[in-house]
């Protein structure tokens, strides 16, 4: 049997990034993927003939420019274009707010609701630019120490920035700069994306920070579509990895990580009974699946299993994927031909209180009576994703708990999907009649399809108490696991999730710098 320098469990984008860097360094690398397609949650799939949708992740912003440059991803097919407008938010009274890449156009939109808020818009972004400048250097490396964080946030202004970043709610932070509910409404949603929390909960300012870290086309905080869907992120990285010599196998589910009596990981065992040996085992799976599922409690050091069990991994995100016969026709901006209301994010969230109420439902185990959602119609600006004259739409929705207080997901999936569609239809009444195909993926469905514990898109909550030294689990931080020869490279380690790639790159850098065996 061929022995590899490194085996990577899972072909999510972070795993592929780690594979590419190790292979470029001359190491023999094997990637094993349980599904028939690579990419994990970064995948494009044809759900119905001619309709191609990004199944889980749907737009891109955070992917490290270092990864794009160093792996030459554009040469391998990575092609991103910024959304413009960035978002369109319709309101129940028929008004709307549109945000553009051009800040002056955005401020003109804001003035419809508040002149004061337009005047404060630049100061709001200046605050974020300052915090990002403090944090960004700490995210391309191992988990920062307390002294490194203190140095980055030194001085009175630094202390205030640290308070905002780690203690404030996104609602409180927005209140510092804006008075209009309509202006705050679309801005607050970034503080709860993928998170079991409401906008008034402490720590949600950090979630907002994480979602404005990136840039597209030189525009800070902007998001964009990847041509061909998000699966092309994974495909471009995989192409770079293969070019460097990495081997990637699909339909190969790893059931266990074999740990010897000396406490060191030696091999991976596949579900079909085969095994592969390597000097280093790297898991792109989430920490719960890695430690409790594949390694097993008996092989873990004291305290780790309990710490992992105490992480919060149950998700509350619902993806509704649609095949449409026509475009949504919005009351606030009528039109069935492609217009500015169709080309960026469509934000259904009329106020901070609306979003908080949606979370209050979920805290009690109920799907939100009035869910928040972001809609994306990539086919409006790109051919080849839907049949001629048709469209795709991806709805990212919150909240619907992993564990429902009443009934099961199997029993209530259609009802939950209908509630989401009906809510959207309050703003675009023609939507139900335009739907030709629908697929609803709740947290248990995401767990089963993608293999993420609890269906949590970030491999665990990303509030400040679960970041820094608390990631992947309280008391255990870093990429090198407290099991010999085992590393983690996924969203469950610092600096967290989304299509970011920092964890994958950081893990590879650490392995190449530390481990003399490979």
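One quarter of the convex hull surface built on the alpha carbon atoms of region 1-155 amounts to 15.8 nm², the projected area averaged over directions.
Over the chain, dividing the summed -39,500 (n - 2.57) contributions of all DSSP H runs of at least 4 residues by the number of residues returns a 222 nm mean residue ellipticity of -9500 deg cm²/dmol.
Considering all C-alpha pairs of region 332-457, those separated by over 20 Å amount to 48%. Projected over every direction and averaged, the convex hull enclosing the alpha-carbon atoms of region 314-401 yields 6.4 nm². Going from the fewest other Cβ atoms within 10 Å to the most, the residues 249, 324 appear in the order 249, 324. With only Cα atoms counted, region 183-297 has Rg and Dmax values of 20.0, 59 Å. Cβ-to-Cβ counts within 10 Å put 449, 184 in ascending order as 449, 184, the fewest first. At 37 °C and a viscosity of 0.692 mPa s, what translational diffusion coefficient does Stokes-Einstein give for region 143-205, taking Rh as the Kirkwood radius over Cα pairs? Give it in µm²/s as a whole number. Here the translational diffusion coefficient equals 259 µm²/s. Per residue, the average separation of C-alpha pairs within less than 8 Å and at least 6 apart gives region 162-301 a relative contact order of 14 percent. The distance from the alpha carbon centre of region 140-189 to that of region 66-88 is 27 Å, rounded to a whole number. Hey, what angle do you get for helix 231-243 against the long axis of the chain, alpha-carbon based, 0 to 90 degrees rounded to 10? So the inclination is approximately 30 degrees. Computed over region 1-54, the Cα gyration tensor eigenvalues convert (square root of 5λ each) into semi-axes of 28, 12, 8 Å, ordered from largest to smallest. Region 456-518 and region 222-242 have Cα centres spaced 22 Å apart. By the count of other C-beta atoms within 10 Å, a proxy for reagent exposure, 54, 236 are ordered fewest to most as 236, 54. Working note: Debye formula, equal point scatterers on the alpha-carbon atoms of the chain, no solvent; log10 I(q)/I(0) at q = 0.08, 0.09, 0.12 Å⁻¹ is -0.48, -0.61, -1.11.
The alpha carbon convex hull volume per residue for region 123-248 rounds to 161 Å³. Across region 391-518, what fraction of all alpha-carbon pairs, as a whole percent, falls in each successive 10 Å bin from zero upward? Spelled out per bin, shortest first, that is 11, 31, 26, 19, 11, 3, 0. Between the alpha-carbon centres of region 42-62 and region 314-350 there is a gap of 16 Å. Descending by average beta-carbon neighbour count within 10 Å, the peptides 455-467, 421-433, 337-349 line up as 455-467, 337-349, 421-433, the highest first.
Normalising by residue count, region 175-251 has a Cα convex hull of 169 Å³ per residue. For region 84-220, the relative contact order is 21 percent, taking Cα pairs closer than 8 Å that sit 6 or more residues apart in sequence and dividing their mean separation by the residue count.
Below 8 Å between Cα atoms, with a sequence gap of 6+, how large is the relative contact order for the chain in percent? Result for the chain is 24 percent. For the chain, the antiparallel share of DSSP beta bridges with both residues in that region comes to about 70%.
The numbers here are math on the coordinates, done by the rules we state, and not lab data. Predicted model only: the values in this text are computed from it and were never measured. All Cβ positions, even for glycine, are placed from backbone atoms using ideal geometry, and neighbour counts span all protein chains on display.
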